[in-house]
Structures are given as C-alpha cells and as structure tokens.
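Contents: one structure, followed by commentary.
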Amino acid sequence: MAGTRRRTARGAAVATAVLLGGMIPGAQAASGVQEIDAELAYTCDFPEGDQPVKVRLAVTVPESAQAGQMIQPEGMALDLTLPEAASAALAESGAASVSAEAQLSVDVVQDGREARAEWIGTAAQAAPIPEAGELTLSTAGSVPYIRPGAPGDLEFKASGLSLELAVKKADGTPAEPPALSVQCVVDADQETTLATVGVDGDTGDTGTPTPEPSASEQWPGDEEQTRPGAPEVGKRAKESASEAAPPCVGDPLNAEGRDMVAYVAGYANVTKLDGATKFPPACARIHTYDGENWFEFPYVHAVLNAAIVLDYKGKPQLPPTTGTFLTFGFMPTTATLEMTQIPPKPNSPEDRNVVSHGITDLLNGGFTKTTTSVDMDFVLRLHDVKVNGVALDVGGSCRTERPFRLSLTGLGTWDPEKGNEGYTVITGGELTGSATIPPFEGCGVGEDLDSLFTASLSGSPGFVKQVQGAPCVPSTGSACTPEYEPQDIPKATR
C-alpha cells in the first residue's frame with residue numbers, strides 16, 4: 001500500500017532539505033517534512049509476457065507550503081524488484097548484469113486540476129543477474145519542483161512507469177538484445193496517493209499575480225493547464241549524469257515571437273545490424289515564418305513553415321553518443337557517433353526544413369488534423385573506435401562521403417473533446433522516419449578502413465524515432481524555465 005510513514009534514520013537528510021529550503025530563493029522553507037515510503041505494485045510488458053514488478057519509493061516532501069512558492073521533493077530513491085521469471089529470461093539471453101533507468105509518472109492534483117511530473121531514477125552501477133530468485137535494481141535521482149498557484153490540498157499520485165534496461169555479458173560486451181524498453185501500468189487495486197501537502201493561501205510574495213492568459217496565448221485543449229491556480233511542474237529531472245540536457249537558452253528579447261527552443265531525443269536503428277543507437281537530449285532552435293491560410297469549404301487550411309537548427313556547444317549537431325555494432329557480423333565494435341547538421345540558410349524560403357499543414361473541419365466541431373514534415377541533412381563522423389575492447393585508430397576524418405537526409409513525419413490532431421494528441425511543432429510529440437547512411441571515407445591511419453564501416457553501417461534505410469519536448473517561447477516565457485530554457489526534457493522512446 002502507498003502512504004507516508006515517518007522514519008528517523010534519514011534525519012540528517014531531512015534537516016539539510018529544510019536548511020536548503022530557507023537558503024534557496026523561492027524555495028519552500030517548511031516547518032516540517034513528511035517522508036514518502038511507498039510500496040507500489042505494477043504490471044510490466046516484458047518480451048516473455050506481462051510480469052509483476054514491485055516498486056519501493058522513498059522521497060521527502062514538505063508537510064505544508066504556500067501558494068506561489070516552490071515545493072522541492074528531495075532525496076528520491078526508487079527500488080525495482082523484478083520477478084524470477086523476468087530475471088531468468090535475462091540470464092538465458094546471455095546477460096550477466098543489468099543497469100536500469102526508471103521513469104515514474106506522478107500526477108500532482110489540486111482542486112480538480114492536474115499536472116504531471118516525471119521522476120527519473122538511474123542506477124549508479126549495474127547489478128549482477130542472480131542464478132535464481134528475484135532481481136532487485138536500485139536507482140536514485142532528482143525530482144522537478146512543483147509550484148501550486150492556489151491554496152488547497154495538493155496530492156501526489158503515482159501513475160505510469162517505464163523502464164530502460166541495459167544488459168551486458170560477463171565480458172562487458174552488450175548482450176542480445178543490448179537494451180529493453182519496458183512499459184508498466186499500476187495495478188488496479190493499488191492505492192496510488194503518495195502524499196498530501198497542505199497549501200496555504202498567503203503567497204508570501206510581494207509581486208503581482210500572474211494575469212489570466214488571453215485566448216491568443218492559449219492553445220486549444222490547454223486552458224486547464226495555463227489557467228492560474230493549476231500546479232506548475234518545473235524542469236524535468238535529467239535522464240542521467242552522462243546524458244544531462246545541454247544548455248538551450250532562448251532569447252527573451254525576440255519581440256516578434258518567432259523563435260522557440262526545444263529539446264529532442266530519440267533512437268536511430270541501423271537496418272543491417274538489427275540494433276538501435278540512443279541519442280541523448282539535444283537542443284533545437286526553431287524559427288517560424290509567415291504562414292499561408294486559405295478556405296476551402298468546409299475546411300480551413302493553415303501551413304506553418306519553419307527552420308530547425310541543432311545547437312550543441314555552439315555547433316549545429318547532436319550531442320555525441322556511443323554506439324555498438326558488429327563488424328564482420330560477429331566482432332563487437334564501439335564508436336562515438338557525431339551527427340553534424342548542414343543547417344538551412346537563414347531567411348531562405350527554399351531552405352526551410354519544416355512544413356506543417358493543418359486542416360480544420362468546420363462541420364465537425366473544429367476537428368483539426370496536422371501533418372508535419374521535417375527534413376534535415378547530416379554528416380556522420382566516427383571516432384574513439386574500439387574493436388573487441390581494443391582501440392582502433394581511425395583518424396580524425398572517418399565520416400560519410402557525402403551528406404544524407406533524415407526525413408521525419410509527425411501526425412497530430414485537435415479534438416474539441418480530447419484536446420491535442422500526437423505531434424505539432426508548438427506542442428511537441430513523436431516524429432518517425434528514416435535515413436540511409438552513405439559509404440564512409442577517410443577512415444584509418446596507415447590502412448584503409450573505409451570498406452569496414454561501409455559494410456557494417458551503410459546502405460538500407462534505418463528507422464528513426466525522435467521525441468520533441470514542448471518548446472519554450474522566450475518572448476512570452478511560455479513553457480520556459482526562469483533561465484529561458486525548455487521545461488520539458490523528453491525521454492527517448494522506441
């Protein structure tokens with residue numbers, strides 16, 4: 001059963017949280033804290049079938065707070081216990097150890113209004129897979145803040161759970177498959193309320209209240225989230241220390257409001273290898289242009305053109321990531337993959353790489369269907385290559401012999417009853433598509449290794465799935481942190 005219990009073993013951590021609450025501007029210096037110590041039951045979709053997973057959650061939250069001030073949960077620990085059947089299946093695949101990343105969705109509810117926070121825990125080290133019995137994985141992580149905008153009880157409720165499991169053999173090489181993405185649902189008879197925080201009506205703030213957003217500032221279906229009083233969820237916790245989202249600061253002085261910044265993350269499959277490479281969160285700068293609108297009874301057409309340019313430490317590229325593949329079909333090879341974009345020319349209509357076409361049906365309650373196409377050109381470079389754990393010097397210019405195009409499509413709808421679903425540029429969501437990697441050139445020092453990487457990686461189109469977070473609009477502050485970065489850091493999904 002979920003619930004809250006007091007424990008004294010972590011008194012020092014609790015005292016530290018209270019002290020920090022008084023030192024950090026805007027933080028909630030509560031007179032007392034409550035410790036969530038919850039046991040939760042989930043059912044998860046492992047490849048061998050649905051399996052029960054036990055979750056133990058520990059985190060501290062204040063007993064009380066004030067409207068308009070920040071509530072910062074502290075010290076999250078999330079332990080996962082996989083049943084013997086799931087552990088045995090991992091062992092049968094040749095895996096000797098497994099590391100985990102867990103994302104627990106927590107609904108924050110106040111007076112019928114709801115926001116969702118993602119609590120992300122990562123394992124400090126891989127756990128050995130036992131010969132028999134259950135497998136316990138321990139994770140820990142940071143938690144985004146919550147800012148209640150009105151008085152009244154604020155409830156934390158456990159919701160969905162997703163797991164990313166990375167499995168390795170005894171020699172440290174990836175098992176087959178090297179990773180598992182598992183989705184879990186909380187059991188129907190599970191009590192999901194984790195804690196209740198009483199929120200007082202005095203904001204303790206001398207600033208002016210946030211005004212009611214105008215209709216032009218609200219997207220259809222988002223009114224409940226933007227109305228004053230709905231809980232505000234802070235920037236999502238980073239996926240892990242090695243995958244921290246890079247800086248992505250927008251310009252609040254962009255008076256035209258055409259520029260946005262957003263985080264993207266995803267997976268790219270190499271068809272030949274039947275495997276996927278995970279790309280960590282990246283910063284995307286989005287510049288929108290004047291759109292086209294026309295009427296064709298009973299439909300209204302609206303076309304939005306935009307240019308997306310990636311930004312990693314001032315360069316138009318994705319953050320470098322490590323990929324593993326098999327050369328000659330059996331030799332494990334790891335390499336750092338560096339995807340550099342050939343950006344569209346500024347203010348050049350023929351080089352705008354995003355086209356979003358929305359069609360609104362006036363006779364169907366304003367139902368809108370939006371199709372968005374994104375075309376980006378890249379060059380892929382490989383470096384820091386190791387073959388079976390032994391370094392292979394490929395030089396500094398091992399790259400595709402020509403640029404290649406990544407084409408993605410996002411589908412979104414707006415329904416007067418359901419609101420927004422799917423992808424649009426201004427809400428984010430999933431984009432899918434493919435790219436064909438060209439042959440490689442410039443690989444090797446003293447010997448020509450071009451054919452080695454061409455045979456392993458180039459050729460047939462590979463499936464790509466990217467997730468764009470909700471963009472920050474710096475000119476209005478919408479979906480932005482106080483530093484004008486996107487609040488939403490998406491998690492890569494397959």
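Structure values in brief
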{"quantity": "Surrounding net charge for Pro252, when Lys and Arg each add one and Asp and Glu each subtract one, Cβ distance under 12 Å", "calculated": "-4"}
{"quantity": "Principal axes of segment 335-411: Cα extent on each, largest first, Å", "calculated": "65, 31, 15"}
{"quantity": "Tail fraction, Cα-Cα pairs, segment 36-81, threshold 14 Å, whole percent", "calculated": "61 percent"}
{"quantity": "For segment 248-468: rounded, prolate or oblate by the Cα gyration tensor [a/c cutoff 1.5]", "calculated": "prolate"}
{"quantity": "Average Cα contact separation per residue, segment 248-468, under 8 Å, 6 or more apart, as relative contact order %", "calculated": "18 percent"}
{"quantity": "Neighbour-count order for Thr277, Thr192, fewest beta carbons within 10 angstrom listed first", "calculated": "Thr192, Thr277"}
{"quantity": "For Gly198, net neighbour charge (Lys/Arg +1, Asp/Glu -1) across residues whose Cβ lies under 9 Å away", "calculated": "-3"}
{"quantity": "Debye intensity ratio in log₁₀ form over the Cα atoms of segment 11-200, taken at each q of 0.12, 0.19 Å⁻¹", "calculated": "-0.63, -1.19"}
{"quantity": "Computed label-point distance, nm, for sites Asp251 and Glu296 using a 7 Å Cα→Cβ extension", "calculated": "3.6 nm"}
{"quantity": "Using alpha carbons only: equivalent-ellipsoid semi-axes of segment 424-478, gyration tensor based, whole Å", "calculated": "39, 15, 6"}
{"quantity": "17 Å cut-off, amide nitrogen to a point 7 angstrom out along Asp187 Cα→Cβ, residues in segment 121-140", "calculated": "134-135"}
{"quantity": "Whether segment 61-120 is rounded, prolate or oblate, judged on the alpha carbon gyration tensor where a/c under 1.5 counts as rounded", "calculated": "prolate"}
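Laboratory data are not the source of any read-out in this text; all were calculated from the coordinates shown. Predicted model, so just to flag it, every value in this text is computed and none were measured. All Cβ positions, even for glycine, are placed from backbone atoms using ideal geometry, and neighbour counts span all protein chains on display.
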